[in-house]
Amino acid sequence: QVQLVESGGGLVQAGGSLRLSCVVSGSAFGIKTMAWYRQAPEKQRELVAGIASDGTSNYADSVKGRFTISRDNAKNTVYLQMDSLKSEDTAVYYCNVERWSRDYWGKGTLVTVSS
């Protein structure tokens with residue numbers, strides 16, 4: 001069993017920064033891709049950033065140059081550093097990991113950016 005717990009969300013003014021963390025507990029062996037998704041009100045969930053086990057990362061065009069994803073395999077943790085936040089970044093952010101071709105999700109953490 002794999003459990004994911006996100007933290008770090010909150011209320012921030014436009015232009016500010018937040019750092020999200022996601023700790024993976026349980027059977028973490030075999031995790032490949034770790035990623036962050038987000039879902040804004042009345043919108044579909046979308047990929048924000050992903051990072052492979054070799055450190056290769058990819059980003060949604062809307063966050064390139066502002067967000068940085070990283071992972072600490074020793075701590076089974078993935079991070080999302082979010083800078084220059086915009087009101088359109090307001091959403092619930094979900095952590096996702098792929099382990100043995102199966103996806104696992106956290107419950108999400110709310111990020112609210114005030115303009």
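The values are calculated or read from the model by the stated rules, or taken from the named source; none is laboratory data. This is a predicted model, so every value here is computed, not measured. For neighbour counting, all protein chains shown are included, and Cβ atoms are generated from backbone atoms with ideal geometry for every residue, glycine included. Protein only, heavy atoms only, side chains kept; ligands, DNA and RNA dropped before computing areas. Shrake-Rupley method; radii C 1.70, N 1.55, O 1.52, S 1.80 Å.
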key: Cα-based Kirkwood hydrodynamic radius, segment 43-115, one decimal, Å   = 13.4 Å
ask   = Which is the longest stretch in the chain that no exposed loop site breaks, taking sites as chymotrypsin sites (Phe, Trp or Tyr not before Pro) with a DSSP loop state and at most 12 other Cβ atoms within 10 Å?
value = 30-99
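What does the accessible area per residue of the chain come to in Å², with a 1.4 Å probe and no ligands, DNA or RNA counted?
Details: 6320 Å² over 115 residues.
I get 55 Å² per residue for this part.
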inquiry  = What do you get for trypsin sites (Lys or Arg not before Pro) in segment 1-58 restricted to DSSP loop and a cutoff of at most 10 other Cβ within 10 Å of the site's Cβ?
reply    = Lys43
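What are the GluC sites (Glu not before Pro) within segment 18-115 that DSSP puts in a loop, where the Cβ has at most 13 other Cβ atoms within 10 Å? Intermediate results must be reported in sequence, preceding the final value.
Values: sites: Glu42, Glu46, Glu88, Glu98; in loops: Glu42.
Sparse-neighbourhood loop GluC sites (Glu not before Pro): Glu42.
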inquiry  = If I compute solvent accessible area with a 1.4 Å probe over the protein chains, what percent of it on the chain is carbon and sulfur?
reply    = 47 percent
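Please report the net charge: other residues with Cβ closer than 11 Å to the Cβ of Ala40, K and R +1, D and E -1.
Numbers: positive: Arg38, Lys43, Arg45; negative: Glu42, Glu46, Glu88, Asp89.
Net local charge, Ala40 excluded: -1.
Please pull out the direction-averaged projected area of segment 1-88, using the convex hull of its alpha-carbon atoms, in nm² to one decimal place.
That works out to 6.1 nm².
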inquiry  = Please check: in the Gaussian network model of the chain (C-alpha springs, under 10 Å), which one of Gln44, Gln81, Gln13 has the largest mean-square fluctuation.
reply    = Gln44
